[in-house]
1. If I fit a long axis through the Cα atoms of helix 97-118 and take the longest principal axis of the Cα atoms of the chain, what angle between them do I get, 0 to 90°, rounded to 10?
2. For the range 1-117, what does the relative contact order come out to in percent, with C-alpha contacts under 8 Å and a separation of six or more?
3. Rounded to the nearest 20 Debye, what is the dipole magnitude of the range 1-135 about its Cα centre when Lys and Arg each give +1 and Asp and Glu each give -1 at the C-beta?
4. Is it possible to state the helix-based mean residue ellipticity at 222 nm for the chain, with each DSSP H run of 4+ residues giving -39500 (n - 2.57), the sum divided by total residues, to the nearest 500 deg cm²/dmol? What is it?
5. Loop sites only, by DSSP: take the trypsin sites (Lys or Arg not before Pro) in the chain that have at most 13 other C-beta atoms within 10 Å and name the longest stretch containing none of them.
6. Considering only DSSP states other than H, G, I, E and B, which GluC sites (Glu not before Pro) in the range 11-96 qualify as loop sites with at most 13 other Cβ atoms within 10 Å?
7. In the P(r) worked out for the range 137-179, what percent of Cα pairs fall beyond 11 Å?
8. With only alpha-carbon atoms in the gyration tensor, what are the semi-axes of the equivalent ellipsoid for the range 48-141, in Å, largest first?
Amino acid sequence: GEWEIAEEPLSLALTIFREMGDRLGEAETLMHLGILHRQKGNLDEAMDDLLTSLRRGRYAGPAGREKEKFRFGITNKRITAEAFYQLALVYEDYGNYKKAKTTLHKSETTLTDIAVTVGDFWELAKINNRSAAFYVRMAQRVLDKELKGKGGEDLEKAIEKNAQSYRLRRKIGDRIGFAKTREVAGSIYQMQGDWPRAEKSLRKARDIFS
(Lines give C-alpha, C1' and ligand atoms only; values in the text may rest on other atoms or scores of the structure.)
Protein backbone atom coordinates (compact mmCIF):
# COMPACT_ATOMS: atom_id res chain seq x y z
CA GLY A 1 0.00 0.00 0.00
CA GLU A 2 0.94 3.69 0.24
CA TRP A 3 2.81 3.21 3.53
CA GLU A 4 5.03 0.51 2.02
CA ILE A 5 5.75 2.71 -1.01
CA ALA A 6 6.86 5.50 1.32
CA GLU A 7 8.88 3.20 3.59
CA GLU A 8 10.85 1.42 0.86
CA PRO A 9 13.08 4.35 -0.24
CA LEU A 10 13.68 5.34 3.39
CA SER A 11 14.79 1.81 4.26
CA LEU A 12 17.09 1.79 1.23
CA ALA A 13 18.57 5.16 2.20
CA LEU A 14 19.13 3.91 5.74
CA THR A 15 21.06 0.89 4.43
CA ILE A 16 23.24 3.10 2.23
CA PHE A 17 23.99 5.59 5.02
CA ARG A 18 24.95 2.74 7.34
CA GLU A 19 27.27 1.23 4.72
CA MET A 20 28.88 4.65 4.24
CA GLY A 21 29.21 5.23 7.98
CA ASP A 22 27.21 8.47 7.59
CA ARG A 23 25.67 8.83 11.05
CA LEU A 24 24.00 12.15 10.32
CA GLY A 25 22.29 10.74 7.23
CA GLU A 26 21.28 7.73 9.30
CA ALA A 27 19.89 9.96 12.06
CA GLU A 28 17.77 12.00 9.62
CA THR A 29 16.44 8.89 7.84
CA LEU A 30 15.54 7.22 11.13
CA MET A 31 13.71 10.37 12.16
CA HIS A 32 11.61 10.22 8.97
CA LEU A 33 10.96 6.51 9.51
CA GLY A 34 9.81 7.32 13.04
CA ILE A 35 7.32 9.84 11.67
CA LEU A 36 6.07 7.28 9.14
CA HIS A 37 5.68 4.53 11.75
CA ARG A 38 3.76 6.86 14.07
CA GLN A 39 1.41 7.78 11.21
CA LYS A 40 0.87 4.03 10.66
CA GLY A 41 0.06 3.64 14.34
CA ASN A 42 3.18 1.60 15.10
CA LEU A 43 4.19 3.50 18.21
CA ASP A 44 6.80 1.02 19.44
CA GLU A 45 8.62 1.12 16.10
CA ALA A 46 8.31 4.90 15.97
CA MET A 47 9.84 5.29 19.42
CA ASP A 48 12.68 2.92 18.59
CA ASP A 49 13.44 4.82 15.35
CA LEU A 50 13.41 8.22 17.05
CA LEU A 51 15.51 7.18 20.04
CA THR A 52 18.04 5.58 17.70
CA SER A 53 18.03 8.74 15.57
CA LEU A 54 18.92 10.80 18.62
CA ARG A 55 21.74 8.41 19.56
CA ARG A 56 23.20 8.46 16.04
CA GLY A 57 23.07 12.24 15.93
CA ARG A 58 24.85 12.46 19.27
CA TYR A 59 27.87 10.59 17.88
CA ALA A 60 27.89 12.08 14.38
CA GLY A 61 30.79 14.37 13.57
CA PRO A 62 32.59 15.49 10.40
CA ALA A 63 36.22 15.78 9.60
CA GLY A 64 37.38 18.97 7.94
CA ARG A 65 37.67 22.67 8.53
CA GLU A 66 36.02 24.54 11.38
CA LYS A 67 33.49 26.19 9.02
CA GLU A 68 32.34 22.79 7.78
CA LYS A 69 32.12 21.47 11.33
CA PHE A 70 29.99 24.47 12.32
CA ARG A 71 27.52 23.95 9.46
CA PHE A 72 27.37 20.25 10.22
CA GLY A 73 26.67 21.01 13.88
CA ILE A 74 23.74 23.30 13.03
CA THR A 75 22.26 20.69 10.67
CA ASN A 76 22.66 18.05 13.34
CA LYS A 77 20.88 20.23 15.89
CA ARG A 78 17.96 20.82 13.50
CA ILE A 79 17.53 17.07 12.99
CA THR A 80 17.82 16.50 16.74
CA ALA A 81 15.19 19.14 17.49
CA GLU A 82 12.73 17.59 15.02
CA ALA A 83 13.40 14.10 16.43
CA PHE A 84 12.67 15.40 19.94
CA TYR A 85 9.39 16.95 18.76
CA GLN A 86 8.28 13.78 16.97
CA LEU A 87 9.23 11.73 20.04
CA ALA A 88 7.12 14.06 22.19
CA LEU A 89 4.14 13.25 19.96
CA VAL A 90 4.77 9.52 20.44
CA TYR A 91 4.82 9.99 24.22
CA GLU A 92 1.59 11.97 23.92
CA ASP A 93 0.01 9.13 21.94
CA TYR A 94 1.05 6.71 24.68
CA GLY A 95 -0.56 8.98 27.29
CA ASN A 96 2.78 9.74 28.95
CA TYR A 97 2.12 13.47 29.08
CA LYS A 98 4.87 14.30 31.57
CA LYS A 99 7.48 12.75 29.29
CA ALA A 100 5.89 14.46 26.30
CA LYS A 101 6.29 17.87 27.96
CA THR A 102 9.93 17.36 28.90
CA THR A 103 10.81 16.05 25.43
CA LEU A 104 9.00 18.94 23.76
CA HIS A 105 11.00 21.33 25.94
CA LYS A 106 14.24 19.73 24.66
CA SER A 107 13.17 20.51 21.10
CA GLU A 108 12.40 24.11 22.07
CA THR A 109 15.75 24.51 23.82
CA THR A 110 17.68 23.14 20.84
CA LEU A 111 15.93 25.46 18.38
CA THR A 112 16.39 28.45 20.70
CA ASP A 113 20.13 27.71 20.69
CA ILE A 114 20.15 27.65 16.87
CA ALA A 115 18.24 30.96 16.72
CA VAL A 116 20.70 32.63 19.08
CA THR A 117 23.72 31.18 17.27
CA VAL A 118 22.85 31.83 13.61
CA GLY A 119 19.78 34.10 13.75
CA ASP A 120 17.44 31.50 12.25
CA PHE A 121 14.05 32.16 13.85
CA TRP A 122 11.85 30.22 11.39
CA GLU A 123 12.08 26.89 13.18
CA LEU A 124 11.82 28.53 16.61
CA ALA A 125 8.57 30.21 15.54
CA LYS A 126 7.35 26.83 14.27
CA ILE A 127 8.09 24.95 17.50
CA ASN A 128 6.44 27.71 19.56
CA ASN A 129 3.30 27.24 17.47
CA ARG A 130 3.52 23.45 17.79
CA SER A 131 3.95 23.80 21.55
CA ALA A 132 0.91 26.05 21.74
CA ALA A 133 -1.17 23.42 19.92
CA PHE A 134 0.17 20.74 22.28
CA TYR A 135 -0.87 22.71 25.38
CA VAL A 136 -4.31 23.36 23.89
CA ARG A 137 -4.72 19.59 23.58
CA MET A 138 -3.53 19.15 27.17
CA ALA A 139 -6.03 21.73 28.43
CA GLN A 140 -8.81 19.98 26.50
CA ARG A 141 -7.92 16.67 28.14
CA VAL A 142 -8.29 18.25 31.58
CA LEU A 143 -11.61 19.80 30.52
CA ASP A 144 -12.81 16.40 29.29
CA LYS A 145 -11.70 14.84 32.61
CA GLU A 146 -9.39 12.51 30.69
CA LEU A 147 -6.50 13.99 32.65
CA LYS A 148 -6.23 15.37 36.17
CA GLY A 149 -4.66 18.78 36.63
CA LYS A 150 -5.27 22.45 36.06
CA GLY A 151 -6.39 23.07 32.52
CA GLY A 152 -6.01 26.80 33.07
CA GLU A 153 -2.26 26.42 33.47
CA ASP A 154 -1.97 24.52 30.19
CA LEU A 155 -4.12 27.09 28.44
CA GLU A 156 -1.93 29.92 29.77
CA LYS A 157 1.09 28.07 28.43
CA ALA A 158 -0.63 27.75 25.05
CA ILE A 159 -1.34 31.49 24.99
CA GLU A 160 2.27 32.28 25.88
CA LYS A 161 3.76 29.99 23.23
CA ASN A 162 1.36 31.12 20.52
CA ALA A 163 2.12 34.78 21.28
CA GLN A 164 5.84 34.07 20.91
CA SER A 165 5.23 32.36 17.58
CA TYR A 166 2.97 35.22 16.45
CA ARG A 167 5.62 37.87 17.19
CA LEU A 168 8.40 35.93 15.47
CA ARG A 169 6.34 35.15 12.40
CA ARG A 170 5.31 38.78 12.00
CA LYS A 171 8.97 39.76 12.34
CA ILE A 172 10.30 37.33 9.71
CA GLY A 173 7.33 37.68 7.34
CA ASP A 174 6.14 34.08 7.53
CA ARG A 175 2.60 34.52 6.19
CA ILE A 176 1.60 30.84 6.27
CA GLY A 177 3.08 30.49 9.73
CA PHE A 178 1.10 33.53 10.83
CA ALA A 179 -2.07 31.80 9.61
CA LYS A 180 -1.20 28.77 11.75
CA THR A 181 -0.91 30.98 14.84
CA ARG A 182 -4.40 32.31 14.06
CA GLU A 183 -5.68 28.72 13.89
CA VAL A 184 -4.32 27.95 17.34
CA ALA A 185 -5.61 31.28 18.65
CA GLY A 186 -9.06 30.26 17.40
CA SER A 187 -8.84 27.04 19.41
CA ILE A 188 -7.75 28.97 22.51
CA TYR A 189 -10.66 31.42 22.20
CA GLN A 190 -13.07 28.51 21.75
CA MET A 191 -11.86 26.98 25.01
CA GLN A 192 -12.31 30.35 26.71
CA GLY A 193 -15.86 30.57 25.37
CA ASP A 194 -15.03 33.69 23.34
CA TRP A 195 -16.80 32.63 20.17
CA PRO A 196 -16.65 35.98 18.26
CA ARG A 197 -12.85 36.17 18.62
CA ALA A 198 -12.53 32.47 17.82
CA GLU A 199 -14.47 32.95 14.59
CA LYS A 200 -12.45 36.06 13.69
CA SER A 201 -9.12 34.24 14.17
CA LEU A 202 -10.22 31.21 12.19
CA ARG A 203 -11.51 33.44 9.38
CA LYS A 204 -8.12 35.18 9.22
CA ALA A 205 -6.39 31.82 8.96
CA ARG A 206 -8.80 30.62 6.27
CA ASP A 207 -8.37 33.80 4.21
CA ILE A 208 -4.57 33.44 4.22
CA PHE A 209 -4.66 29.74 3.33
CA SER A 210 -7.11 30.37 0.51
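The values are calculated or read from the model by the stated rules, or taken from the named source; none is laboratory data. Since we're looking at a predicted model, the values are computed, not measured. Positions of Cβ are generated from backbone atoms using ideal geometry, with glycine treated the same way; all protein chains shown enter the neighbour counts. The area values use the complete protein model at the heavy-atom level, side chains included, leaving out ligands, DNA and RNA. Shrake-Rupley method; radii C 1.70, N 1.55, O 1.52, S 1.80 Å.
1. Result, in degrees: 70.
2. 21 percent
3. The calculated dipole for the range 1-135 is roughly 700 debye.
4. -29500 deg cm²/dmol
5. In short, 66-144.
6. none
7. Counting pairs separated by more than 11 Å, the tail of P(r) holds 65 percent.
8. 27, 16, 7
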